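The values are calculated or read from the model by the stated rules, or taken from the named source; none is laboratory data. Note that this is a predicted model, so its numbers are computed, not measured. As a convention, Cβ positions derive from the backbone with ideal geometry for all residues, glycine included, and neighbour counts pool all protein chains shown.
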Ligand code: 4AD
Ligand code: MG
């Protein structure tokens, strides 16, 4: 017999038929006459109830059917007598595929802390919480591809190993096959990277944007969706050393088009979650964050506040609240400032534009004022920055000058500069941090809990 998924059985109206299910035991309870086994197979947050009569199953035959064990069970799908489910299975046969010693299985009891679960990342997907998060992660990834496919964007695979620093921030993990204890040296005593695997120094990418621009200058509208790496020593609930980023890039787009795209895209994603992840969202709303569903609905129903950086500084300076970091025109905004604007002042998502050029990356289009660039950050409640982007500098001279001013190695970026030499065009794009999106749609409080295997300083166990 073919295995049925629990989600399908819980949704079906065809009862009184034989079915086979396979999954992991969540709980077993009962009395002398009958045992009730709650089985989960990952297809839904809900369990199916297996009813095992003592006549058919001696206590001994169910000895290995304990929390965490993997079993296959067959029987008749019937209307349930009890509360909490519409159908259940009157089982005739149970096969234990993999036992889980109750003395040792770490998830024997419910209610573990998220901190503890992080230490058992190989088992935490079997909890309701992480099952919900992982199913939603899948749904959001699918929604990303759906949105761009429906809007005529091409998915481009940009490299993970690169020879350039896309953000110019120098926070990169080096990729090398040289012996760290004994690297080859040049005559002047420096490491000789011509001997390295690629014949030059290489790193894990911090962003696929620069290569994305190459594709946009041929295909018009593209997006990337891949892992990115940052060796910044940020031990916060919003930072990972390895995270996934979605980066659309659009030829013939300016900063307004960029804002319109980002707002529409984010609303589509949140709407997709509301429409397609109902059970998981309800669970997360009830368990962790009673405002979650309200917040998601609010974001899709209201327009984002668009605001100049300069105006934001005025608002922050006249705020009654005391900030840990003082604000002046020219300072980079800290998370406390971003959250003040979003959560206290406007009480809705904010798109901040036209930042001072010295706090932003070299590739952003310079404004006529000589002080600011056409940058755009989208700030979300509870998150702070969820998207960073800009219109790009398409003028060869201006870009080359900025690269020089910022002390960036021009020879690494010759190909990027050539895009401005041959058939340059106005263009814009942005990057959405996938895990920041996941924080928002799940209501989870720590970014380490919305990626299966988080990487952060001093942690890469799994
Ligand atoms: O603002 P960022 O650094 O922008 C870029 O990388 C541009 N190349 C994007 C573009 O224009 N194509 O990063 C973009 C987003 C941030 O807004 C944030 O959501 C996320 O990536 N992000 C991180 N997420 C988790 N951990 C980190 N360490 C992150 N750093 C950035
Ligand atoms: Mg940013």
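A few points about this structure:
- Filter result for residue 92 (in contact with a helix residue (DSSP H, G or I) (Cβ under 9 Å, 6 or more places away or on another chain) and either closer than 20 Å to residue 8 by Cβ or touching a residue at least 24 places away in the same chain (Cβ under 8 Å) (or both)): no
- Here 66, 13 are screened, and the one residue that is in a loop (DSSP other than H, G, I, E, B) and either within 33 Å of the chain's Cα centre (by Cα) or under 26 Å from residue 127 (Cβ atoms) (or both) is 66.
- Cβ separations smaller than 6 Å between residues 6+ apart or across chains give the following pairs from the stretch 276-288 residues that are under 12 Å from residue 130 (Cα atoms) to residues that are not in a helix (DSSP H, G or I): 280/45; 283/45; 284/443.
- Taking the stretch 168-199 as the range and being away from ligand 1 (no atom under 14 Å from the Cβ) and within 30 Å of residue 357 (Cα to Cα) as the test, only 174 passes.
- The stretch 421-444, subset over 10 Å from the mean Cα position of the chain (by Cα) and in a strand (DSSP E or B), residue nearest to ligand 1 (Cβ to nearest atom): 431
- Residue within the stretch 403-412 that is surrounded by fewer than 16 Cβ atoms within 10 Å (Cβ to Cβ), at positive phi and within 16 Å of ligand 1 (Cβ to nearest atom) present: no
- Residue within the stretch 225-243 that is more than 19 Å from residue 377 (Cβ to Cβ), within 16 Å of ligand 2 (Cβ to nearest atom), in contact with a strand residue (DSSP E or B) (Cβ under 9 Å, 6 or more places away or on another chain) and not in a loop (DSSP other than H, G, I, E, B) present: yes
- Qualifying residue in the stretch 173-189 (condition: within 22 Å of the chain's Cα centre (by Cα) and in contact (Cβ under 8 Å) with a residue 40 or more places away in the chain): yes
- Taking the stretch 43-63 as the range and being assigned to a loop (DSSP other than H, G, I, E, B) and out of contact with any strand residue (DSSP E or B) (no Cβ under 7 Å at 6 or more places or on another chain) as the test, the residues that pass are 43, 44, 45, 46, 55, 58, 59, 63.
- Filtered residue count, the stretch 195-224, keeping only those that are part of a strand (DSSP E or B) and either within 16 Å of ligand 2 (Cβ to nearest atom) or within 20 Å of the chain's Cα centre (by Cα) (or both): 4
- Qualifying residue in the stretch 318-327 (condition: within 13 Å of ligand 2 (Cβ to nearest atom), surrounded by 15 or more Cβ atoms within 10 Å (Cβ to Cβ) and in the same structural domain as residue 433 (by TED's automatic domain parsing)): no
- Hits in the stretch 158-175 (condition: assigned to a loop (DSSP other than H, G, I, E, B), at pLDDT 95 or above, in contact with a strand residue (DSSP E or B) (Cβ under 7 Å, 6 or more places away or on another chain) and over 12 Å from residue 231 (Cα atoms)): 158, 160
- Evaluation of residue 376 against (1) in contact with a helix residue (DSSP H, G or I) (Cβ under 8 Å, 6 or more places away or on another chain); (2) modelled with pLDDT of 95 or more; (3) surrounded by fewer than 21 Cβ atoms within 10 Å (Cβ to Cβ) (one fails), failing number: (3)
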